[in-house]
Amino acid sequence: MNEGKHMKLKNCFLKYLGSFILMCILVNQVMAQPKPETKAPEAPPKEIKIEGTPAPQQSLKITSINFRDETLEAVTKSMSKLTGKSFIVTTDLSRKKVTIISEEEVTIEEAYRAYLSALEMNDLTVVPVGKFLKIVSSRDAPKMSLHTYAGKYAPSSDEFITRIHHLKYINAQEISRSLQSLVNPRSMVAYEATNSLIVTDTGANIQRLVEILEHLDIQGFEEKLEVIKIHHASAKDIADQLNNFLDTAGKGRSGPQSRFAPPSVTTGSEGGESISKIIPDPRTNHIIVKANDQGIEKLKDLISKLDVPVRGGGKIHVYYLQNSSAEKVSATLSKLVTSSRGASRPGLPTSGDLEFEGEIKITGDQETNSIVVTSSLQDFSTIKDVIRKLDIPRKQVYVEAYILEISIAKSKALGLSYTAGVPAAGFKNGLVGGFSGTQPNSLESVLDPTKFLTPGSGVLGFVTSGFTEIKLSDGQTRKIPNATALVRALATDANSNLLSAPQILALDNEESTIEVSEKIPTLAGTTLTATGLTQQNIQREPIGLTLKIKPQINPTSKVVRLEIDQVIEDISNRKPPSDIQGQTFASTKRAMKSTVLVKDQDTVVIGGLLKDNVNETSSKVPLLGDIPILGWLFKSTSQEIVKTNLMLLLTPNIIAEYGDFRKLFDQKMKDRQEFIDRNYSQDDRKTSYINKMNPPKRDDQGDVR
């Protein structure tokens, strides 16, 4: 038995001794290799494959290794023979020198780690490519195909690897910013979906990071959702104040960035609070918070100091309007509150935007133009948002109107050409809202009532820029601005009657009225007295001209929609019964309602309301003409029927802001001056008076601009 044991020990010793002698021979051969020349290559180095032989046992100890001022190329060849690994060299290693000295015996694995450290000192590393190891720059290594590890085990050598590390409590995005200085630039990426870190670096450096993370990733820093009830204030106002305060606190600190941040942003602070989101819920008046325990406690402390009842505030709130009418706004809000109460009853659909937590009373004070609301603070906050959207500046429309009566009998004395008609589809010679037939070239055609009775007639559009040349009855011609050519010409002719030229300024979508009238006696009825006599009841009623205009502006196309309501009443030529003549008068009424679309500063003409005036004249021989029956031989009578055509000209001007009034005034003065310059050579006698109201602008030399 003892002899058998001795033989086994002897054989084992001889086996290990032989291996040891073989390794010593290999090491001596490596140490005896001549140093390569360090001449610079003439061309970029090609890939060189260094194939090794199968490595001996990694646990076998060898003699100490010593590389004194050796090139990396020589050391790589030695390591290939020593470890059995095959390398692909893509860079010039002959210029890089290293020194590896070990006075003690080391294993092959320890020698290979020392080799990787030497590469890392020269900004190089190895990456696996099939059965080879490719020597590349450390900057390019993260882009290569590296070994990827996920879990607790990963090599801790100087070889480049990729490791995925999952975090339990702390935020991956936040901790990656804090640890960037410990790794190479862009070598660590945070993946927020799984709260993980993806790191590409040497195994040793990654292991150091993991040890640091194990001390930081502890319970108590994880974030969760918390719903906080607001009792006295508005949840939206409190959330806005918290976001503003916490954002300011994060930006104002000179050290590490604060974890206080606006919604959807997570940062850190020295106190350990972590707050990611603060979201208000106006419908339930709650605040939804995403934060860790310390952050939630911090927010609750701040909210308790802000959400307190206001002393003396009560439930009565006043909002002063700037642009709208308190009466109209209060009526709109009252309807809104009433509809929300109806929708909140069981069985009816509800809307979160219309729900209120308590009773609401809304009153408009006309004297101060304010809205008085009796409600909770939360309900008033909702109503206040609605008021702000209603109380906005409104545009205005300045409408120039001319109302004319034109006698057809004498209208041939004057002619006028126009160019504003637009061809209508489906009509060979028709114009949109204009006349059928050929284009007229005189006032006779424009004012002929038969033209207004044809299909598609009634509205004629004139351009407002430029001038029109008209011919007067005396043969002279004048150039007149298009917008007022018809009005100015007819106002000076005996055949026309300018009834009114009102200038109306109306708010957008609000009706304006101009009325000019007088009261005349009219017959209201008859009554039979107790004595059997008939008594006429006379009352005084207003007759005259009434013009109502309601504009509506299209802000995109600058088109104004005009709702027009015009009424003209006049005394009729018909005589009342003889028993009440002188006490009452008959009247006529001409009314028109229309809706038209006209662009800003264009003119629209509406006409076609006709009236017959009967003029009777008689002539006779004095005394003889008064003889019954025979008197007809000495007298004559004539009857003339004159048709008058009523026309309405409207020119809207959109006033978007107060400065547009000045632009309109300047344009009128410019048209006036052009009219004077075109038709008169002498100076305008009223220029000095107008300049007092509107001083002319002068340049540096004193000339009028």
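Principal axis analysis of the Cα atoms in the stretch 61-216 yields extents of 48, 32, 27 Å, listed in decreasing size. Could you tell me which of the pairs Lys77/Lys143; Lys298/Lys384; Lys168/Lys277 are separated by over 22 angstrom between their Cα atoms in the structure shown? Result: Lys77/Lys143; Lys298/Lys384 exceed 22 Å.
Can you give the extra length, in nm with one decimal, that the chain gains between Tyr169 and Ser304 once fully stretched, where that is 0.36 nm per residue apart less the Cα-Cα distance?
Details: separation 135, 0.36 × 135 = 48.60 nm, distance 2.77 nm.
45.8 nm is the gain from fully extending Tyr169 to Ser304.
Taking a threshold of 28 Å on the Cα-Cα distance, which of the pairs Lys300/Lys361; Lys335/Lys558; Lys519/Lys668; Lys550/Lys589; Lys519/Lys593 fall above it? Flagged as over cut-off: Lys300/Lys361; Lys335/Lys558; Lys519/Lys668.
Between Lys152 and Lys643, the modelled label-to-label distance comes to 11.0 nm, taking each label 7 Å out from Cα in the direction of the beta carbon.
With the simple model of a label 7 Å out from the Cα in the direction of the Cβ, Ile101 to Asp612 spans 13.5 nm.
Read-outs: derived from the displayed coordinates by stated rules, not from any lab. A quick note: this is a predicted structure, and the numbers were derived from the prediction, not measured. All Cβ positions, glycine included, derive from the backbone under ideal geometry; neighbour counts span all protein chains shown.
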